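Peer 1: Quick one: structure below, then a few questions.
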Ligand SMILES: N[C@@H](CCC(=O)N[C@@H](CS)C(=O)NCC(=O)O)C(=O)O
C-alpha cells in the first residue's frame, strides 16, 4: 500500500485518522503512528517543512501537509460514493468548505493555545495567562456562536446525516471538552458533542489508551533537541555558503 497518513493520537491528524476508520479504508490508507521519538527527525522535515503533524505520502514522490488539504484529497480519492460528503446542495457544500478553513485558521489555533498554556508553569518564558484569556474569549464569543448558529438543534452538523463535518468538529471539541471550554451552557454544541462522541470511530481514535500521546513538555524534549541541532547545522551551512560567495 502506498498511501500513508502519519498520525500521532490527539494531534491534528486525529480527525483524518477518524475519517479513514469511518470510511473503512485502512487497507488503502495506512495510519502510521508517528510519535515523539520520531518527531522532527530528518525524514519528518523532508516531508513537512515545520516538522508538524499531520503529513501524508503516496509512495516516495508525493507528500502533502495541512490537515484540511489531506482530508479533501482523501475525500476526492476514496469517498466516491459520497458516504460522508453527500451534500444536499451547493450551499451546504460551501458551508463544508467554510468549516475546512475555519478549523485550521480559527477553531484549532484558539483551542490549541489554551491547551499549550496548560503545559507551562509560572516562570516559563511562554507562560502567559493573557493568551488563555484572549483565546477563551474567541472561543466563547466567536467560535461557539458561529458553530451553534449553523448546528441549531440538528442531530449532526448538516442535519440527520452524519458527515465528514462531524468528524472534523470532533477533534477541537474533544480538546475543548478536556479544557473545560465546552460546558452544558453551550447547550446545542454540548449535546451534539455528547452524541458524536458515542460513535465507534470516535471512541477508537480518542480512546483512553491514546491519551498517553497527549503532549507534555517532557515528551517534546527529545524532538526539540533534534530541532535545535538541525537549526545549528543550517546556520553553519549558511555561514559557509556566504564565505564561499565572498571568496568567489
Ligand atoms: N495547520 C496545520 C496545523 C498542524 C499543527 O499545528 N500540528 C501540531 C499538533 S496538533 C504539531 O505538529 N505540533 C508539534 C510542533 O509544532 O512541534 C494542520 O492543520 O495540519
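Each value in this text was obtained by applying a stated rule to the coordinates, not by laboratory testing. Remember, predicted model here, so these are calculated numbers, not experimental data. Don't worry about glycine lacking a Cβ; one is built from the backbone with ideal geometry, like all the others, and counts go over all protein chains shown.
Peer 1: Report, to the nearest 10°, how far helix 108-119 tilts away from the longest principal axis of the Cα atoms in the chain, using its own Cα long axis and a range of 0 to 90°.
Peer 2: Helix 108-119 sits roughly 60 degrees off the main axis of the chain.
Peer 1: Another question about this same structure. Mean separation of Cα pairs under 8 Å and 6+ residues apart, divided by the residue count of segment 90-203: what relative contact order is that in percent?
Peer 2: 24
Peer 1: Kindly express, to the nearest 10 degrees and within the range 0 to 90, the angle between helix 217-247's C-alpha long axis and the longest C-alpha principal axis of the chain.
Peer 2: 50
Peer 1: Relative to the longest principal axis of the C-alpha atoms of the chain, give the angle of the C-alpha long axis of helix 164-179, reported between 0 and 90° and rounded to the nearest 10°.
Peer 2: 70
Peer 1: What list do you get for 150, 73, 7 if you sort them by fewest beta carbons within 10 Å? Walk me through the numbers before you get to the answer.
Peer 2: Values: 150 14, 73 17, 7 25.
Ordered from fewest to most neighbouring Cβ atoms within 10 Å, 150, 73, 7 come out as 150, 73, 7.
Peer 1: Counting helices only, and only those DSSP H runs with n ≥ 4, report the 222 nm mean residue ellipticity of the chain as the sum of -39,500 (n - 2.57) divided by its residues, in deg cm²/dmol to the nearest 500. Provide the component values of the computation, followed by the final result.
Peer 2: On the way: 11 runs with 133 residues, N = 248.
Using -39500 (n - 2.57) per qualifying helix, the result is -16500 deg cm²/dmol.
Peer 1: Continuing with this model, one more query. Pairs of Cα atoms under 8 Å, at least six residues apart: use those to get the relative contact order of the chain, whole percent.
Peer 2: 23 percent.
Peer 1: Could you work out how far apart the two model spin labels at residue 232 and residue 118 are, taking each label as a point 7 Å from the Cα in the direction of the beta carbon, and quote it in nm?
Peer 2: Going by the 7 Å Cα→Cβ label model, 3.4 nm.
Peer 1: Could you list 186, 124 so that the one with the fewest beta carbons within 10 Å of its beta carbon is first and the one with the most is last?
Peer 2: Lowest count first: 124, 186.
Peer 1: Applying 1/(1 + (r/R0)^6) with R0 = 30 Å to the Cβ-Cβ distance of residue 198 and residue 81, what FRET efficiency is obtained, to the nearest 0.05?
Peer 2: 0.80
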